[in-house]
Every structure is written in C-alpha cells, then in structure tokens.
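Taking it in order: structure first as structure tokens, then the write-up.
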There are 2 protein chains.
Amino acid sequence: MIFGVKSSGPSAGPPRGGSGAAFLVAQVGAHAASMFAERLAALGLSPPHAGILRALSGAPGISQRALGTMLGILPSRLVILLDELDERGLLERRDDPDDRRTYRLFVTDKGQESLEAIGRVARAHQVALCAALSDDERRTLADLLSRIADEQGLTPGVHPGFRKMGSAAPRTGPKGPRPRGAPRR
Amino acid sequence: MIFGVKSSGPSAGPPRGGSGAAFLVAQVGAHAASMFAERLAALGLSPPHAGILRALSGAPGISQRALGTMLGILPSRLVILLDELDERGLLERRDDPDDRRTYRLFVTDKGQESLEAIGRVARAHQVALCAALSDDERRTLADLLSRIADEQGLTPGVHPGFRKMGSAAPRTGPKGPRPRGAPRR
DNA sequence: TATTGTTATACTCTATAACTATA
DNA sequence: TATAGTTATAGAGTATAACAATA
C-alpha cells in the first residue's frame, strides 16, 4: 500500500462515499502499470524498454540526449537501458558523421518485431483491465482521462514515471538507541 | 517516461487514436500520485505515512503485523515508517498485555490533526486534478474506475504500490569492455 | 568552454534473511 | 517450534557529479 486517503470527518468533500476520483486514478493506474509490466516481462522487456522502442520508431536517428529529454529519462539511466536493448539486437547505435560525439539511434528489424509484440501485449492488457466496462464506457473513460491529461499538461504517450514519490520526511535525530531485535523493555 | 505504447500497425485495436484507456489510466495515475506526494510533503509526510494513519484510525489497537498485511507493506519497511510517525508523535505503540511480543498501535491526538490536514490536502488535490471535468463527469470517472477496481479485485482505499515494475531483463553477459567515458573508437 | 555519452556514487524503496524476545 | 518486531543486506530506480572525447 502507499496511499489510502479518503474524506476524514463527516463533512462532505470531493472524496466522499467510498473513494474519490483522484485516489481511484492513482490506485487503478498503479495496478494497470504493474499488470502491463508483468505482461511485458514475458517478452524480456520492461516498461522503459517499450517506451524507448516506441519513441524511437517515431523519431529514427534521434540522439541519446534528445531521446532522454523526450522521455524524461536521465542520461545515466538511459545508457543502461539502451545497452540492454542493444545487446538484444533491438536497436542500433550508428555514428553521426556530423558530430562524432553523438549516436544516431535506430530500431532494427528485430526491434520492429518486438514493437509489434508489444502492441499485441498492450491490446490484451487493455481488454483485461477494462473487462468491467462496455466499449462505450471504455471510450468515455479514455475521453475523460484524456481531458485531464491534456489540462494537466501531460505529454501524450509519455508516462511520467514516479520521480518525486517517497521521502518527504528525512529521519531527524540519531534515532535513539533501542535494543537490537527486540521490543524496548 | 516509462511506458508509451500505443497501437503499432494500421490495424484497429483498443489503443487506437491517441492513447488507449489502459495507458491513460497509468499515465494520469502516476501523475496524480506524484502531485499528491508533493502536497503531502508540505506536511512532512509521505504517501505511505498517510495511508498508515488512515488505516490506523479505522482499526485502532491493531498490531504491526496485521497493519502490514492490510496495507501490503513488508514488516522491515513498516518498522521504519512507524518509527518516523512515532518520532513525530502522530502514533503510539502501546504494549499488548495479552502478548508481550506485539504492540497495539493508536493514532494520537496530534496524529488525528494530521489526518484532518491530510484530508484537506486530498480534497484540494482532487479538485486540482479534475479541473478539466464537471462535477458530473468527475462522478462518472469515479464510477467507471470504481467498477474496474472492483472487478480487478483491488482493495478499497489501498494503493497497490509499485512492486513488480522494473527489471524483466537481467543484464546478461559481462557487458563487453568499452573504453571508459567515451564512445568506442 | 560547452556538450555527448559514460561511469561512479548516494539515496530511496523493495525484498529476503537472520536475530531477539516471546509464545 | 512458531511468531512479532527488528536489523542487516542485496537489488532496482532516481538523481547528481565527474570524466573522456569531441565540438
């Protein structure tokens, strides 16, 4: 668990009744992300891998720098992810004749096949996730979420990740001594 | 970025057009989680802290074990989170006279105040997140997500966290030697 | 001097195992 | 022997700094 916050007092606020829309989006969203990651694992890929391949297929020849900026992945992490995709032969790093510092990234034929497999996985995932809804309702859901995403300034097709999630409460004092492995008494 | 997967070929599948409902839920959900965490940080709390206080207020006197099971938090992590809330005086660990191994957890008065502050933060968060929707639309969204959450077997009020997210592709070989800090050539 | 790709390092969160006290 | 709480430790993901090659 991570969240779990609904209306406190008897007052009536947005998150009344069971759970509010905001909490439900986060809850179902985390569930959806986990389920999708699990399906992707069957292909030997992680969500970041899939996002990179997809972005790359839409912007062939892009540099690592530009790709990282586009997807919000730090350079140091991107190197590792690209190495993994490179090792699998799903993408190619070609030299840039105009700037010997940079690479030009391309999806290989094998990478294209992976991309298609990812698409099939994504479709199966969506069907499973929205099993409780009719086609019309699923479209309504997508429309509402789409409008929120737009108004909130989210980049279409780019998952924001979970950068600023934990912490918020740095351990203060020296955590008073407490007998190891036992209740203090 | 993490995901980013839409329909691949020209075929028509669930995630056609812009993005599918499944991707949008994950995208907006991660955004909502980040925004909420940011607001909570102003109170010196993290999402897990808030979830613990809330769960505790609904089950006074519960043991750490039971709380961890309820929220899906591992015992080793729960100890740290409870220590932090304890240090802030938001909860109390009382001895259980019937079983000297366990504690009985209670929210303090100060913790109750925090809980109310968390409620206010949650309401403001929801209003901001759903600014693009009318009240009716927000209710529709909550209803649709609620039905998905129910059908998917999610526990009401419990955020599933992000346990099985990364990996799926363990580094294979010894990562061929490459000149340090420079392109290989 | 600035930039690209890379490595090193620290911090957090997740997960497992081991340990103490108690049952 | 089993269980509750605790600690230690390893593994990922995030983030920053530093580095070599090139601009």
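The numbers here are math on the coordinates, done by the rules we state, and not lab data. Values in this document were obtained by computation on a predicted structure and should not be read as measured data. Here the Cβ positions follow ideal geometry from the backbone for every residue, glycine too, while neighbour counts run over all protein chains shown.
Miscellaneous remarks
- Cα gyration tensor, segment A:21-151 - rounded (a/c under 1.5), prolate or oblate: prolate
- Nm distances between copies for A:ASP83, ranked from closest, using label points 7 Å along Cα→Cβ: 3.3
- Going from the residue with the fewest nearby Cβ atoms within 10 Å to the one with the most, A:GLU113, A:GLU137 rank A:GLU113, A:GLU137.
- With its label point put 7 Å out from Cα toward Cβ, B:GLN112 sits 6.7 nm from the same residue's point in the other copies, in order from shortest.
- Beta carbon of chain A nearest to the axis of the rotation taking A to B, residue and angstrom distance: A:GLY29, 1
- Least to most buried among B:LEU24, B:LEU67, B:LEU78 (fewest other Cβ within 10 Å first): B:LEU78, B:LEU67, B:LEU24
- Per residue of B:50-59, other chain Cβ atoms within 10 Å of the residue Cβ number 3 on average.
- Cα-based shape type of segment A:114-160, given that a ≥ b ≥ c are square roots of the gyration tensor eigenvalues and the cut on a/c is 1.5: oblate
- Nearest-first distances (nm) between copies at A:ASP143, label 7 Å from Cα via Cβ: 1.4
- Take each residue in A:132-140, count the other chain C-beta atoms within 10 Å of its C-beta, and the mean is 4.
- Candidates B:ILE80, B:LEU145, B:ALA42 compared by Cα position along the dipole of segment B:22-151: farthest toward the positive end lies B:ILE80, with charges placed on Cβ.
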